[in-house]
Structures are given as C-alpha cells and as structure tokens.
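What follows draws every value from the coordinates through simple rules; no lab data is involved. Just so it is clear, the structure is predicted and the values come from calculations on it, not from any experiment. Positions of Cβ are generated from backbone atoms using ideal geometry, with glycine treated the same way; all protein chains shown enter the neighbour counts.
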C-alpha cells in the first residue's frame with residue numbers, strides 16, 4: 001500500500017542500522033554525502049545552506065559521463081530524527097518522490113525508504129523490470145548509508 005501522499009506502485013526497502021535515529025539523521029543532514037550513498041548520484045554540485053529544511057535544494061549530477069544529467073532534489077517535508085521527504089529530479093527523465101523514515105528498533109534504527117516516480121517519462125514506463133531495478137538500487141543505497149552511519153559513529157567514538 002502506498003504511503004500517504006504517494007500513489008501507485010512504490011519501491012519500498014528497509015534496513016536496520018545499529019545506530020540511533022539521530023545518528024542516522026546526522027548523515028541525512030549532510031547533503032554533501034548523498035553522492036556517497038545514493039546509487040546513481042555521481043557528484044554533488046552544491047547544497048543550500050539551510051539543508052534539510054523544507055524547500056532547500058541539493059544540486060547533483062547523476063549518471064555516467066558523458067551522459068550525466070544535472071538536476072536538483074528538493075526537501076518536501078522533514079521531521080528531524082524521524083523522516084525526510086524529497087522530490088528527486090532527473091530531467092528530462094522525470095522526478096520521483098523519496099521518503100526516508102527512521103524508526104527506533106531495539107538498540108538501532110529501522111530505515112524505510114519509499115520511492116515512486118511522480119512526473120516525466122519514467123512515470124509511464126512502470127513495469128516489473130523497472131520496479132526490480134529501483135528496488136535493487138535502493139537496497140544498495142541503504143547498504144551504503146549503513147556503512148557511512150557506522151563509520152561516522154566510529155570516528156565520533158574515537159574522539
């Protein structure tokens with residue numbers, strides 16, 4: 001079932017990280033890390049000073065050179081330590097709405113990532129192969145996010 005505010009098929013993946021929601025959100029707050037964990041984003045060109053406040057943009061480049069596309073992602077909603085909702089642009093291919101939820105889970109955090117195309121040609125090319133690719137991409141993105149969160153927490157503990 002789609003999340004509120006999202007329609008149609010949604011790629012939903014989740015992963016439990018051995019860190020608090022605040023520790024995970026600290027990585028999400030750093031817009032410069034997105035190219036390190038979001039599969040397909042190859043370079044962050046700029047991050048608005050007020051990221052991740054509603055309306056803030058993260059300017060990125062996606063895809064391999066020389067076919068890479070420049071666009072931006074915009075914060076639609078944020079609850080620090082709990083959730084982040086973005087409109088991720090990849091024009092001329094379209095845009096997607098991505099929601100990242102952080103739920104306490106024992107001594108860690110369950111990260112739930114939901115993504116659905118909202119505009120452009122990709123919205124109309126939905127099929128099982130595309131859903132599988134999006135699902136696999138987001139599984140890898142959460143694996144990378146997990147690694148960054150754990151590495152950040154280890155560095156913080158060493159201080």
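In table form, for the structure just shown:
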{"item": "Net lengthening on full extension, residue 135/residue 49 (0.36 nm per residue, minus Cα-Cα)", "result": "27.9 nm"}
{"item": "Theoretical FRET efficiency, 1/(1+(r/R0)^6), r = Cβ-Cβ of residue 87 and residue 59, R0 22 Å, to 0.05", "result": "0.95"}
{"item": "Two-decimal Rg to Rh for region 35-118 - Kirkwood Rh, Cα set", "result": "1.00"}
{"item": "Gained length - residue 105 relative to residue 39, 0.36 nm times residue gap less alpha-carbon distance", "result": "21.3 nm"}
{"item": "Cβ-derived FRET efficiency at R0 22 Å, residue 79 paired with residue 18, nearest 0.05", "result": "0.50"}
